[in-house]
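K.L.:
Shown below is the structure under consideration.
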Amino acid sequence: MTSTPDAAPTPPEAGSRAGRNLPAAIGVGCSLGAVLIAVLLLVPWAWYIVVSVALAIATWEVIKRLRDGGFAVPVIPLLAGGQAMIWLSWPYGLEGTFIAMAATILLMMVWKLVGQGLANAPENYLRDLSVAILVLAWLPMLATFGAEMVRHDYGNMRVFTLVLVVVCSDVGGYAAGVLFGRHPMAPAISPKKSWEGLAGSALVGTIGATACAYWLLDTPNWWIGLILGPLLVVVATTGDLVESQIKRDLGIKDMGTLLPGHGGIMDRLDSLLPSAFITWIVLSWLL
């Protein structure tokens with residue numbers, strides 16, 4: 001879920017995200033939200049299935065874009081290893097995830113080394129292996145924190161908090177950016193983002209985090225939201241900028257086309273993935 005998709009209110013950009021279909025984007029967002037609510041309220045354990053499916057699609061999107069860009073990353077180890085990292089966290093927690101990650105890295109090292117036979121030296125071995133390890137840490141490692149969170153006390157409410165705060169940041173940033181955006185924040189990376197939009201994200205995201213802490217997490221320590229909210233706004237925005245820079249390097253607009261008005265699954269996860277890690281840490285510490 002892209003954080004602070006705001007734009008300076010110039011005629012070509014105000015009211016849209018660079019030509020995106022806003023009604024379609026709202027419809028898809030509401031549909032995804034309905035699925036999320038149903039799963040977390042009725043069958044919380046199925047959250048692992050949701051995360052694993054979304055991760056598989058997002059990983060495939062990234063792999064395809066990288067291979068189109070000339071990076072020969074290993075497909076099967078990344079897809080299979082990512083799933084192992086998610087599912088081993090169910091019985092074994094994060095220890096299982098780290099073991100699966102180490103095993104996947106070793107497998108990729110060998111896979112790339114012997115992929116064309118031992119008689120032939122692999123081309124761009126260090127570059128392609130480094131990118132593959134980055135994908136492994138960026139997607140399944142961070143996604144595991146979002147999946148594993150549901151196993152904790154009030155686990156489904158912790159996941160709700162993660163998603164709702166990022167959505168609040170998104171909405172606040174978009175509204176403030178369109179209405180008041182005048183000063184670009186990172187024009188070389190994401191021209192539509194403004195400092196005014198970031199301020200809107202911080203305000204609405206912090207209000208949302210405080211409300212979630214009080215009502216969803218059932219704690220009198222409402223001030224947890226004053227810590228979680230600003231942290232998630234900064235991290236979500238950074239996650240969005242990181243993906244924007246990667247797409248800029250690859251010369252593409254979106255990672256995929258699966259979701260009308262949004263792009264691909266990865267374009268919805270860019271800010272949620274690092275935010276899951278921060279939410280896991282903050283709520284594990286303060287709750």
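K.L.:
Could you please give the count of residues in region 113-160 that are assigned to a helix (DSSP H, G or I) and surrounded by 15 or more Cβ atoms within 10 Å (Cβ to Cβ)?
P.N.:
Residues that pass the stated criteria total 27.
K.L.:
Tell me, which helices (runs of 4 or more DSSP H) wholly within region 217-287 include 3 or more residues that are without any contact (Cβ under 8 Å) to a residue 60 or more places away in the chain and more than 14 Å from Thr161 (Cβ to Cβ)? Reasoning before the result, please.
P.N.:
Working: elements: 224-250, 265-269, 272-286.
The helices (runs of 4 or more DSSP H) meeting that bar are 224-250.
K.L.:
Still on this model: Looking at Ala102, is it over 27 Å from Leu258 (Cβ atoms), in a helix (DSSP H, G or I), of a type outside the set (Val, Ile, Thr) and out of contact with any Lys or Arg (no Cβ under 6 Å at 6 or more places or on another chain)?
P.N.:
yes
K.L.:
Identify, by number, the condition in (1) of a type in the set (Phe, Trp, Tyr); (2) touching an Asp or Glu at 6+ places or on another chain (Cβ under 9 Å); (3) under 30 Å from Gln83 (Cβ atoms) that Phe160 doesn't meet.
P.N.:
Tallying (1) of a type in the set (Phe, Trp, Tyr); (2) touching an Asp or Glu at 6+ places or on another chain (Cβ under 9 Å); (3) under 30 Å from Gln83 (Cβ atoms), Phe160 fails exactly one: (2).
K.L.:
Only one of these conditions is not met by Met185: (1) in a helix (DSSP H, G or I); (2) aliphatic (A, V, I, L, M); (3) under 21 Å from the mean Cα position of the chain (by Cα). Which number is it?
P.N.:
Here Met185 meets the rest and fails (1).
K.L.:
Taking only region 79-125 into account, find how many residues are more than 21 Å from Ile49 (Cβ to Cβ) and of a type in the set (Val, Ile, Thr).
P.N.:
Taking region 79-125 and keeping what is more than 21 Å from Ile49 (Cβ to Cβ), we get 95, 98-99, 102-103, 105-125.
Filter once more, keeping what is of a type in the set (Val, Ile, Thr): 99, 105, 110, 114.
Residues meeting the conditions: 4.
K.L.:
Something else now. Within region 256-276, how many residues turn out to be surrounded by fewer than 20 Cβ atoms within 10 Å (Cβ to Cβ) and more than 15 Å from Ala25 (Cβ to Cβ)?
P.N.:
Residues flagged as surrounded by fewer than 20 Cβ atoms within 10 Å (Cβ to Cβ) and more than 15 Å from Ala25 (Cβ to Cβ) within region 256-276 amount to 0.
K.L.:
Out of the residues in region 87-130 that are of a type in the set (D, E, K, R) and under 15 Å from Ile76 (Cα atoms), which is modelled with the highest pLDDT?
P.N.:
Asp128
K.L.:
So, one more: Right, Leu107: over 23 Å from Gly239 (Cβ atoms) and exposed (fewer than 13 other Cβ atoms within 10 Å of the Cβ) or not?
P.N.:
no
K.L.:
Something else now. Within region 20-49, can you find the residues that are in contact with a helix residue (DSSP H, G or I) (Cβ under 6 Å, 6 or more places away or on another chain) and surrounded by 14 or more Cβ atoms within 10 Å (Cβ to Cβ)? Steps first, please.
P.N.:
Just the residues of region 20-49 that are in contact with a helix residue (DSSP H, G or I) (Cβ under 6 Å, 6 or more places away or on another chain), to begin with: 39-40, 44, 46-48.
Those that are in contact with a helix residue (DSSP H, G or I) (Cβ under 6 Å, 6 or more places away or on another chain) and surrounded by 14 or more Cβ atoms within 10 Å (Cβ to Cβ): Val39, Leu40, Pro44, Trp47, Tyr48.
K.L.:
Can you name the number of the only condition in (1) buried (at least 19 other Cβ atoms within 10 Å of the Cβ); (2) over 30 Å from Arg65 (Cβ atoms) that Phe180 fails?
P.N.:
Evaluating Phe180 over (1) buried (at least 19 other Cβ atoms within 10 Å of the Cβ); (2) over 30 Å from Arg65 (Cβ atoms) leaves (1) as the failure.
K.L.:
In region 179-222, what residues are among the polar types (S, T, N, Q) and more than 19 Å from Leu287 (Cα to Cα)?
P.N.:
Answer for region 179-222, where residues must be among the polar types (S, T, N, Q) and more than 19 Å from Leu287 (Cα to Cα): Ser190, Ser194, Ser201.
K.L.:
Using the structure shown, decide if Gly70 is more than 25 Å from Val166 (Cβ to Cβ), without any contact (Cβ under 8 Å) to a residue 12 or more places away in the chain and either touching a helix residue (DSSP H, G or I) at 6+ places or on another chain (Cβ under 6 Å) or assigned to a loop (DSSP other than H, G, I, E, B) (or both).
P.N.:
yes
The values are calculated or read from the model by the stated rules, or taken from the named source; none is laboratory data. Being a predicted model, the structure only gives us computed values, none of them experimental. Because the Cβ atoms are built from the backbone with ideal geometry, glycine has one as well, and the counts that use them run over all protein chains shown.
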